[in-house]
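First the structure, in the form of structure tokens, and then the observations on it.
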Amino acid sequence: MRNEPLKSPPRFRIRFWLVAVFIVLVYVWSFNGVPFTGIKETAGQVSKAIMKGLFHPDWSYVYIPEDMSFFQWLSDGEDLLNGLIVTLAISILGTVISAIICVPFAFWAANNMSKVKAVTASGKFALSFIRTFPELVMAILFIKAVGPGPYAGVLALGLHSIGMLGKLYSEAIENLDQGPSEALTACGANRFQVLWHAVIPQVLPEFFSFTLYRFEINVRSASILGMIGAGGIGTPLVFALEARAWNRVGVILLGIIVLVTIIDLISSYIRKRLV
Amino acid sequence: MIEFQNVSKVYPNGTVGLKNLNLTIHKGEFIVIVGLSGAGKSTMLRSINRLHEITDGQIVIDGKSITAASGGELRRMRRDIGMIFQSFNLVKRSSVLRNVLSGRVGYHPTWRTVLGMFPKHDVDLALKALERVNIREKAYSRADELSGGQQQRVSIARALAQEAKIILADEPVASLDPLTTRQVMDDLQRINQELGITTIVNLHFIDLAREYATRIIGLRAGQVVFDGPVAEATDDKFSEIYGRAIKKDELLGGTE
Amino acid sequence: MIEFQNVSKVYPNGTVGLKNLNLTIHKGEFIVIVGLSGAGKSTMLRSINRLHEITDGQIVIDGKSITAASGGELRRMRRDIGMIFQSFNLVKRSSVLRNVLSGRVGYHPTWRTVLGMFPKHDVDLALKALERVNIREKAYSRADELSGGQQQRVSIARALAQEAKIILADEPVASLDPLTTRQVMDDLQRINQELGITTIVNLHFIDLAREYATRIIGLRAGQVVFDGPVAEATDDKFSEIYGRAIKKDELLGGTE
Amino acid sequence: MSNPGTKAAAAMKKPDRTKTYITYIFIILLVWASAAKTDASLIKLITGTPEMGKLLVEMVPPDWGYLDVVWKPMMETVQMAVIGTTFGALLAIPIALFAAGNVTKSRFLLYPARFILNLVRTIPDLLFAAVFVAIFGIGPVAGVLALVFFSFGLISKLLYESIEAVDPGPMEAMTAVGASKLQWIHFGVVPQVLAQFTAYTLYTFEVNVRAAAVLGLVGAGGIGLYLDRVLNQLRYDRASMIILLTLVVVLIIDYASTKIREKLL
Amino acid sequence: AGCAKKEAPQQSAAPAPAGNKQEAAAPKTGGTFEPKELRVQFVPSQQAETLEAKAKPLEKLLSDKLGIPVKVSVSTNYNTVIEAMASKQVDIGFLPPTNYVVAHDDKKAADLLLQAQRFGVDDKTGQPTTELVDYYKSMIIVKADSPIKELKDLKGKKMAWQDVTSSAGYVYPAILMKKNGIDPDKDVTGITVKGHDKGVLAVLNGDVDAAAVFQDIRTQMKDVPDAVQKTRVLSFTDKIPNDTISVRPDMSQAWRDKISQAFIDLGKNDDSRKILVDIYSHQGYVKGDDKNFDIVRQAAKDIGQKK
Ligand SMILES: Nc1ncnc2c1ncn2[C@@H]1O[C@H](COP(=O)(O)OP(=O)(O)OP(=O)(O)O)[C@@H](O)[C@H]1O
Ligand SMILES: Nc1ncnc2c1ncn2[C@@H]1O[C@H](COP(=O)(O)OP(=O)(O)OP(=O)(O)O)[C@@H](O)[C@H]1O
Ligand SMILES: [Mg+2]
Ligand SMILES: [Mg+2]
């Protein structure tokens, strides 16, 4: 928001226009690449089927009593309930792992934590690299290591989330109020003490908030990981999609929405407790 | 003893903060720095403990150049300089006690402070410092539950607990009401006199300056335009500092 | 003319901010409100332009109740009331000029201001306001590059540029040096006298209050405990306002 | 500040932290239960790590020649991401403003906006893609639409949070000046969140470039199809080529994002 | 390298040639691995009537037969099955022909045990027949009113493929076209879609002129019930061998036999077959012969996929 309503130096005006032209070109190029093909012939028929399915969820799938066990949720049923619980478990563990491991990465990549540019740059690169590694490939890697199942999903999600969380954390650190750090520095604290006593208490709420945010994304990603046998609700979701069983899709979607909403409620409660 | 040797500071955007400063501040002095807003008072104070890097010259404290110091040495030097910030610089979410204790970290190995294992002696010291500024009872409150004046006092307690040899205070009484202002200045004076701690304070109030200082330094556009004992700081001198004659009735409260 | 009719304000957490205030402020008065920290000074000021909703009674400005106003009417009424905030309330990332110009938005259609197309007259006005508070040269700096006092002055310039009929100032000189303080108070006085603008200022400095005000209002715990011309505001009265006798030397600069 | 008397006595003693401890215990229990449910074990991971190494070895050197093939779909992915992000971001602005309690006072706007915001981000992007593919047929249009909704969910949540966290001072000043709602937002809110908004949008753009890899799985176009293909062919050297290319794009976006953030902050 | 690489799997403890030629019946092959717990992974077949991601029923059935715990997991991606078998995280995998060949020949990750049997499909109606077969077919479809009358007409047209590793969605139809003088890579504009249903939809929507899909996906698209009427089969491909049940190469011969027998028995019992049909559309299992897959190898080679 630095645009001056008055005369700004011509140098800036030129640069402004250069940037503007560049952006326009990017858009022209993008729209050319994705021609809008219009609504399809079968669209009406298919949408109707989808809508009908979504609004008539397959309730019978919610809970399939498999055996007499009262603690069915502890076993591995193949219904919505168990799928959601596994998804939840994968996300919780994956999020916790990443939230812990990404902290050093975040400090490594935050540009106000080191004066040496190369350090920051390498940290940012490491985070980008982790982010770029597709969850799917990561999942395959971990399936080779620990076998197919939710645990592989946890690890894939945990590792992959480091990239994003690390980036968000590091930006939180960069945006931080320098006052308390300054005070600690003035007291003769070393770098780590400054971190621990001035930085961490300040960024903790933001870290927490980002972590919860990532947790929600992980719940959704866990659904994707289900595709490759990493457990959770994803597998049935993909099959329901492929089978075009829209009422099944509907009930799964509903399940995910309810799950995320509950998470939202719980996490805002926890946030209030801890912040 | 703090020596400024040809100290200059130019901000990255070209603003000149300090211009060829040469000064010697002796142990136990109570110095008040006055000057117009933007004169460079904060810049000067923050150069002493190197919160700002100066761009030229050097600052020598008790014979050691802080400008050249680095690593552990710099930290030890800083440990001996307490600072009271205009904007308090408290960790708002931590308790008052924790904030005060953080002034002690320079004395202990990292692992110890990180585990929160401050020795009993430190905790006592911190509580005593809080007592001194009359907010002992707030020790376990979160810093953001305090009023502005109370926060200012926590910041003073932190500097006290640090057991520093020098205290730098950047407008410690702005936004305090007259009663609290008095209290804070008295406190600073007491530790200066009782413990012989060199004290450097930025102030806007000429009267307060005259009352508490042993020596007044006037800054203008980053340069020292007055330096001398209170007795010499006549109204004329202040006129010089502020760039134009100050009519008698312009001195804050000077009338009446 | 500003009339407080049985005005009360209770904060949602139960704190009583104002208690059954009845006051009439006439056009062209220069009113200083004094009182301890927490007495309700800010609350009172902010009720006038309805930054705080009062919980009881009503405030009438020039015959129109701002308490009942809404929409465009409320905005026009607010446009005519300039405010100087204790904490500046600047957009730190925007330039100084932009901050000052934002005081003019009430005069123009939304689209125009959003496109940044302020008329030349406005820009001149803004620059003149900056000149008045001596920071014309910082017009194109970002607000966060300024020293504390400089930021305060930007906030004042914004209120000046607004060309309001009433100016409310919440501790406008808290972090200014004496000279600038003087200047700002003089400015407020000048526009008060020359343009007949009603001016209401919260102050911590008794001396300043006495010097500039035409009328002093003392608040304590949300109630008016003193209201009268300066001549009547004796030291005894101030003792009443502050809840205990103020020793002579506790008045800021009262000694000497 | 208001009534220090009553609080002072309580504050003298260390405050009661039982509730906080209970919360911590609750979290630890959750993690423990999750570990049990997912059969997590550190030993399994350690003993299995060499197997991962085998696959990583297969990834080097990348099949540089494959670049010719994946170059075009990668560009298509970027194009999809550009459009998806743009529209997602544009949609996010009003919703985030309506959902922010410090900007919108009317409950009739506030709650519906929050509801939309919450609903959209619960839906997996894959599901969006699948439904759009079903409706619009295969190809990038479905992918773009999925990305629009996905970006909308991401940005609106983040933007809404930063709007709620802005310094109320400037907004107050604008109220006092008599600004209209739009002026109020433009001068009081926008400058404060512009940097974050841009950062989030660029960040989402980057996420979208990567998300397109997943969308390809349901036929929504882009590079994802190729990743899926080479994985099915067990051509890890080609997979690593795709990853490297994505990395280059991500790094470019990252660089631009950092520069812009520096400019705006 | 040719279609019949038959050296011993590297992971195998036994130096003896692993059992693709020797078949499961020959008692002298196999490694030394004796499972304490059997881990099975499968990808539910697209051909199944109801796509269900169910693992439990199979777990129970197999476990009862084998007397050891069985863990079944589900994937949508053959890659994970192969990789997991290669790193011995999975003992048994259900692999379709093309993927089996890659796993067996290139990755040395799987040996053939069994082949699934299904009901055939009536070429005319697309409805299932009652005949049990160990193959299925794929087809190229066009719109019912399309001017394309024979394969040659496809030249210059747009065509929807499945992924290039798909036997039914790419390999076999591509060979079919080659035989008819059309280069599947150059003479048509190919678009890759995910899922055979998407291929049908692409044809119906006019996005493409033709699509390669398995026989007969059209009857399974419940939300487009008139798909069969609206499209026309241009040509059928050769027979494609059915899904395999493959085993990791170091599995001991005794266990191979035991597992084969267990699956075959499952197919013979009515109750358990019902489950197999519901979930995998498998009607039963027969001993597999690696030779059956030489066609697949040849096919892959013909279209230049096999090294
Ligand atoms: N970070 C910065 N970047 C650029 N210029 C700065 C910066 N900080 C301060 N300045 C400028 O340096 C000069 C001196 O600033 P300084 O903060 O030392 O003034 P001060 O005497 O403390 O004023 P005040 O009494 O208003 O606090 C001012 O002109 C100010 O605008
Ligand atoms: N948002 C709020 N919610 C609850 N109580 C508040 C709020 N704002 C102010 N108060 C309380 O209302 C009372 C009056 O506050 P006000 O800000 O008007 O005081 P003041 O006279 O301006 O003090 P100061 O000189 O410190 O600025 C105080 O007790 C304060 O704690
Ligand atoms: Mg300063
Ligand atoms: Mg106030």
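Evaluated with a Cβ-only charge set (Lys, Arg +1; Asp, Glu -1), the stretch D:51-139 carries a dipole of roughly 780 debye about its Cα centre, given to the nearest 20. Relative to the dominant Cα principal axis of chain D, helix D:42-59 is inclined by about 50°. Using a 1.4 angstrom probe on protein heavy atoms only, the contact between C and B buries about 2700 square angstrom of accessible area, both sides summed. Ligands, DNA and RNA excluded, the heavy atoms of C:Thr24 present near 50 Å² of accessible surface to a 1.4 Å solvent probe.
Taking 19 Å as the straight-line reach from the Cα of C:Lys19, the lysines in range (excluding those fewer than 8 positions away in the same chain) are C:Lys9, C:Lys41.
Taking all protein chains as shown and a probe of 1.4 angstrom, D:Leu227 keeps an accessible surface of around 10 Å². Its Cα gyration tensor gives chain E an equivalent ellipsoid. The semi-axes, each the square root of 5 times an eigenvalue, are 35, 22, 15 Å from largest down.
Chain A contacts chain D over a buried accessible area of about 7200 Å², both sides summed; the probe is 1.4 Å and only protein chains count. Using the charge dipole of the stretch D:64-263 (Lys, Arg: +1 at Cβ; Asp, Glu: -1 at Cβ; taken about the Cα centre), state which of D:Val82, D:Leu247, D:Ile135 has its Cα farthest towards the positive end. Result: D:Ile135, furthest along the dipole toward the positive end.
Interface residues of the stretch B:66-81, defined as those with an accessible-area decrease of at least 20 Å² between the chain by itself and the complete set of protein chains (probe 1.4 Å), are B:Arg75, B:Arg78. Computed over the stretch C:142-218, the P(r) curve from all C-alpha pair distances, binned at 5 Å from the origin, holds 3, 14, 28, 25, 18, 8, 3, 0 percent per bin. Computed with a 1.4 Å probe over protein heavy atoms only, the accessible area of A:Leu195 comes to about 30 Å².
Excluding same-chain neighbours fewer than eight residues apart, the aspartates and glutamates reachable from E:Lys56 by a Cα-Cα span under 14 Å are A:Glu66, A:Asp67, A:Asp76, A:Glu78, A:Asp79, E:Asp64, E:Asp278.
Rounded to a whole number, what is D in µm²/s for the stretch D:64-263 from Stokes-Einstein with the Kirkwood radius over alpha-carbon pairs (25 °C, 0.890 mPa s)? Provide the component values of the computation, followed by the final result.
Values: Rh = 18.1 Å.
Roughly 136 µm²/s, to the nearest whole number.
Within the straight-line cut-off of under 16 Å between alpha carbons, the aspartates and glutamates reachable from B:Lys138 are B:Asp124, D:Asp16, sequence neighbours fewer than 8 places apart in one chain being disregarded. Under the criterion of Cα pairs below 8 Å and six or more residues apart, the relative contact order for chain D equals 25 percent. What the Cα atoms of the stretch E:94-146 give is an Rg and a Dmax of 15.6, 47 Å.
Enter the buried accessible area of the C/D pair, total of both sides, probe 1.4 Å, in Å² rounded to the nearest 100. Could you put the intermediate results ahead of the total?
Numbers: alone 12260 and 16770 Å², together 26820 Å².
Rounded to the nearest hundred, the buried surface is 2200 Å².
Couplings 3J(HN,Hα) of the stretch C:209-222, computed from phi: 4, 5, 6, 9, 5, 9, 8, 10, 10, x, 10, 8, 6, x Hz, in residue order, whole Hz [Karplus 6.51 cos²θ - 1.76 cosθ + 1.60, θ = phi - 60°; x for Gly and Pro].
Give me the percent of accessible area attributable to carbon and sulfur for chain C, probe 1.4 angstrom.
Numbers: 4640 of 9510 Å².
The C+S portion of the solvent-accessible surface of chain C is 49 percent.
Label D:Met75 and B:Arg93 with points 7 Å out from Cα along Cα→Cβ: what is the distance between them in nm? According to this spin-label approximation, the distance is 4.7 nm. The mean sequence separation of alpha-carbon pairs under 8 Å and at least six residues apart, normalised by the residue count of chain C, gives a relative contact order of 26 percent.
In whole Å, what three semi-axes, largest first, describe the equivalent ellipsoid of the stretch D:42-82 built from its Cα gyration tensor (square root of 5 times each eigenvalue)?
33, 16, 4
Evaluated over the stretch D:64-263, the count of Lys pairs having alpha-carbon atoms less than 26 Å apart is 5 (only pairs 8 or more residues apart or interchain). Between the alpha-carbon centres of the stretch E:103-145 and the stretch B:129-164 there is a gap of 80 Å.
Find the eigenvalues of the gyration tensor of the Cα atoms of the protein assembly as shown, then list the square roots of 5 times those eigenvalues as equivalent ellipsoid semi-axes, largest first, in whole angstrom. Intermediate results must be reported in sequence, preceding the final value.
Working: eigenvalues 1056, 227, 156 Å².
They are 73, 34, 28 Å, listed from largest to smallest.
For the stretch A:81-274, the percent of C-alpha pairs falling in each 10 Å distance bin, counted from 0 to the bin holding the largest distance, reads 9, 31, 30, 19, 8, 2, 0. Largest accessible area first, the listed residues D:Ile43, E:Ile141, D:Ile22 line up as D:Ile43, D:Ile22, E:Ile141 when surface is computed with a 1.4 Å probe on the assembled protein chains. As a length-normalised measure over Cα pairs under 8 Å and 6 or more apart, the relative contact order of the stretch A:81-274 settles at 28 percent.
Rounded to the nearest 0.05, what FRET efficiency do E:Lys36 and D:Ile27 have when you use their Cβ-Cβ distance and R0 = 45 Å?
Details: r = 36 Å, r/R0 = 0.80.
For E:Lys36 and D:Ile27, the calculated efficiency is 0.80.
Protection proxy ranking, highest mean first, for peptides A:85-96, B:44-55: A:85-96, B:44-55, where packing is the per-residue count of other beta-carbon atoms within 10 Å, averaged. Ordered by 1.4 Å accessible area with all protein chains kept, E:Asp257, E:Asp197, A:Asp177 run largest first as A:Asp177, E:Asp257, E:Asp197. Compared with the dominant Cα axis of chain C, that is its longest principal axis, helix C:120-132 is turned about 40°.
Quickly estimate the mean residue ellipticity at 222 nm for the protein assembly as shown, helices only: each DSSP H run with n ≥ 4 gives -39500 (n - 2.57), and the total goes over all residues, rounded to 500. Mind dumping the intermediate values first?
Details: 50 runs with 666 residues, N = 1359.
Taken over the protein assembly as shown, the calculation gives -15500 deg cm²/dmol.
Expressed as an acute angle from 0 to 90° and rounded to the nearest 10, what is the orientation of the C-alpha long axis of helix D:67-99 relative to the principal long axis of chain D? So the helix axis and the longest Cα principal axis differ by about 20 degrees. In the context of the full set of protein chains, the protein assembly as shown has a per residue accessible area of 39 Å² (1.4 Å probe).
Rg and Dmax over the alpha-carbon atoms of chain B stand at 18.4, 58 Å.
The values are calculated or read from the model by the stated rules, or taken from the named source; none is laboratory data. Note that the structure is a prediction, hence the values are computed from the model and not measured. When we count neighbours, we look across all protein chains shown, and the Cβ atoms used for this are built from the backbone with ideal geometry, even at glycine. Side chains included, ligands, DNA and RNA excluded: accessible areas come from the protein's heavy atoms. Shrake-Rupley method; radii C 1.70, N 1.55, O 1.52, S 1.80 Å.
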